[in-house]
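All remarks here apply to the structure that follows.
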Amino acid sequence: MGEDAKVFERLTMLEKILERKRQEIARVKERVSLEELKERVGGHARERDFRQAIYQPGRLCLIAELKRKSPSKGMLRERFDPVSLAQSLEEAGSSALSVLTDEPFFGGHLDFLRDVKQFTEIPVLRKDFIIDAYQLYESLFYQADAVLLIVRALSDGQLSEYLALARELGLDALVEIHNDEELKRAVRVDAKIIGINHRDLTTFTLDTRLSERLIPSIPSGTTVVAESGIQTATDVQRMHRLGVHALLIGEALMSAADVKVKVKELFNGIWDVRQGT
């Protein structure tokens, strides 16, 4: 094993993902420069309002996530047809879709984003590790309506810059946090949508009580999304009582034989899945 490989093996999972992402972006830029990408984006504009879709007073919304695998759980779905899954999840009552576009660690692809967008009518979030302004233009080009900004993966300067650029491009931004300090950083940049990820991206351990602790400190008027570890109807009901506006659910859906049945099971007593209300 070479020295670079040994160093890579000693990194945390998040550090490994970010290092691979830097290499990936460098290769993509060699094929298509930022200037070329900006020209290609041209008149592209966001078509659907992600924040409006997931903020519906009186209704707990579902952001259904499409991912083939994850570093913590391995392969979730061998037969992975993103368009068919997206259509089923839309029919089941999802308010928006989250599409993993990271390939090495999550089995995603940018093409999935565009394909899902073309065959559904609800907003689509690009779920990836955004560490370069290039990726925001890329997201718009592939027809995303929103992007994920992970506070832990960004400096204060990057977080502020990318949030401002996302707004300039017309993209909503789901700003993801994992603790009190990251919440403070998100509030300082006036994040309008805050996602509380119960899974720590450094250790990949779950803390499903994190939302309960952090929600009281989130400013009024902020759209709150709970992420990770939501596996049962009891979990859904608890998040609903906490006042969460939307749930981002991936693993529970992707590991289910029938995603429509799973949505109905999870949201039983919260809303009528068949009617999407």
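Coordinate-derived values only; no laboratory data. If you're wondering where the values come from, they're calculated on a predicted model, not measured in any experiment.
For the cross-link pairs Lys117/Lys184; Lys16/Lys117; Lys184/Lys262; Lys16/Lys260; Lys29/Lys260; Lys67/Lys184, which exceed 31 Å when the distance is taken from alpha carbon to alpha carbon? In this structure, Lys117/Lys184; Lys184/Lys262; Lys16/Lys260; Lys29/Lys260 exceed 31 Å between Cα atoms. Across the range 78-90, computed HN-Hα scalar couplings (Karplus, 6.51 cos²θ - 1.76 cosθ + 1.60, θ = phi - 60°) run 5, 8, 10, 10, x, 5, 4, 5, 4, 5, 5, 5, 5 Hz from first to last residue, x flagging Gly and Pro.
Considering only alpha-carbon pairs that sit under 8 angstrom and 6 or more positions apart, the relative contact order computed for the chain is 20 percent.
For the range 129-142, putting each phi into the Karplus relation 6.51 cos²θ - 1.76 cosθ + 1.60 with θ = phi - 60° gives couplings of 9, 7, 10, 8, 4, 3, 5, 6, 5, 4, 4, 5, 4, 8 Hz, in residue order, rounded to whole numbers and with x for Gly and Pro. Would the range 102-145 count as rounded, prolate or oblate if I go by the C-alpha gyration tensor, calling it rounded below 1.5 in a/c and otherwise prolate when a/b exceeds b/c, oblate otherwise? The shape class here is oblate. Annotation: the antiparallel percentage among DSSP beta bridges lying fully within the chain is about 10. For the chain, just say rounded, prolate or oblate: build the C-alpha gyration tensor, square-root its eigenvalues into a ≥ b ≥ c, call rounded for a/c under 1.5, and beyond that prolate if a/b exceeds b/c, oblate if not. In terms of gyration-tensor shape, rounded. Applying the Karplus relation 6.51 cos²θ - 1.76 cosθ + 1.60 with θ = phi - 60° to the range 19-35 yields 3J(HN,Hα) values of 5, 4, 5, 4, 5, 4, 5, 4, 5, 5, 5, 5, 7, 9, 5, 4, 5 Hz, where x marks Gly and Pro. If you take the square roots of the eigenvalues of the alpha-carbon gyration tensor of the range 6-84 and sort them as a ≥ b ≥ c, do you get rounded (a/c under 1.5), prolate (a/b over b/c) or oblate? It comes out oblate by the Cα gyration axes. Close amide-amide hydrogen proximity is noted between Leu66 and Ser98, Val99, Leu100, each under 5 Å apart and 5 or more residues distant or on a separate chain (H modeled in the peptide plane; Pro and chain starts excluded). A Gaussian network model of the chain, with springs between Cα atoms under 10 Å, assigns the largest mean-square fluctuation among Gly107, Gly43, Gly74 to Gly43. Just checking the listed ones, Glu227, Glu251, Glu36: in the Gaussian network model of the chain with Cα springs under 10 Å, the one fluctuating most is Glu36. The antiparallel fraction among DSSP beta bridges confined to the range 90-242 stands at about 5%. Helical runs (DSSP H, four residues minimum) scored at -39500 (n - 2.57) apiece and divided by the length of the chain put the mean residue ellipticity at 222 nm at -12000 deg cm²/dmol.
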